[in-house]
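K.L.:
My structure is below; once you've seen it, I'll send some questions.
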Amino acid sequence: MTLRPGGPLLSGAVYGCLLNVQDELDRLGDAINEAPYNGAPTGPVMYVKTPNTQVADGTPVGIPADVEQVRVGATLGVVIKDTLTRASADQARAAIAGYTLVNDLTVPHDSLFRQPLKQKCRDGFCPIGPALVDAADLPDPDSLTVRALVNGECRQEWRLAELVRPVATLLADISDFTSLYPGDLILVGVSPDAPLATAGDTVAVEIDGIGRLQNPLVAEGENAR
């Protein structure tokens, strides 16, 4: 099924998750026990990808003049079909409409002290699609492998088995503090060492069984839409 950002299947909010890949959490080391963290997170660490970020497969993404490079955030997107409020993992699993590809483009930064909106919410910084694969056709999403490509070359590969909170657990834990609604999209996390790219490059995300999402990066103002 073809998926269009802003269409009826993606009519809700888009949420991303920080520190949901074990290696990402491990790299904080002892710093996780210091201010402002004061210990490993006890729940999902969330941020939003605002509507201006969402573009379709093949759409050129403009790189602003003040941005030298972006990180290619290859990840799995989970589309919600039923409202979830304080749900169990089994209830969350049953509320998944399907899965898609997402490129969580981000300006490189180190701080996790606050929501990285300036780094993650530039225009076009959330390519989504091109297809929605029905949840019934991917019964074990946590076994999937995610790849990030730059100019056709695979620059990163990681497995969703590395998630701190597997897909259904993540959705259930999010629903403990905010309801999820039909049309919402959850990005399950991005592995560290995401590759860098810049204007002139073509970036892609691949997951076997879901397909390939590809977008050219251009200097802002050069056919960026």
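Read-outs throughout are calculated quantities, based only on the coordinates presented, and are distinct from any laboratory measurement. Given the structure is predicted, the values throughout are model-derived calculations rather than measurements. Cβ coordinates were reconstructed from backbone atoms using ideal geometry, including for glycine residues, and neighbour counts include every protein chain displayed.
K.L.:
Can you order the peptides 169-179, 153-163 by their average number of other Cβ atoms within 10 Å per residue, highest first?
P.N.:
Top to bottom by mean Cβ count within 10 Å: 169-179, 153-163.
K.L.:
Note the full-extension length gain between GLU153 and THR42 as 0.36 nm times their separation in residues minus their Cα-Cα distance, in nm to one decimal.
P.N.:
Result: 36.3 nm gained on full extension.
K.L.:
Take ASP123 and ASP193, extend 7 Å from each Cα along the Cα→Cβ direction, and tell me the distance between the two endpoints in nm.
P.N.:
3.5 nm
K.L.:
Just how far, in whole angstrom, is region 143-208 from region 1-78 if you go by their alpha carbon centroids?
P.N.:
The two parts, judged by their Cα centres, are 8 Å apart.
K.L.:
Please give me, ordered by residue number, the chymotrypsin sites (Phe, Trp or Tyr not before Pro) of region 10-77 that lie in loop per DSSP and have at most 15 other Cβ atoms within 10 Å.
P.N.:
Those satisfying the criteria are TYR37.
K.L.:
Now a separate question. Looking at region 8-219, send over the antiparallel percent of its DSSP beta bridges, to the nearest 5.
P.N.:
Antiparallel: roughly 85 percent of the beta bridges in region 8-219.
K.L.:
With 24 Å as the cut-off, how large is the P(r) tail for the chain, expressed as percent of Cα-Cα pairs?
P.N.:
Pairs farther apart than 24 Å: 39 percent.
K.L.:
For the pair SER88 and ASN52, how long in nm is the line joining their label points, each one 7 Å along Cα→Cβ?
P.N.:
Spacing of the two 7 Å Cα→Cβ label points: 4.3 nm.
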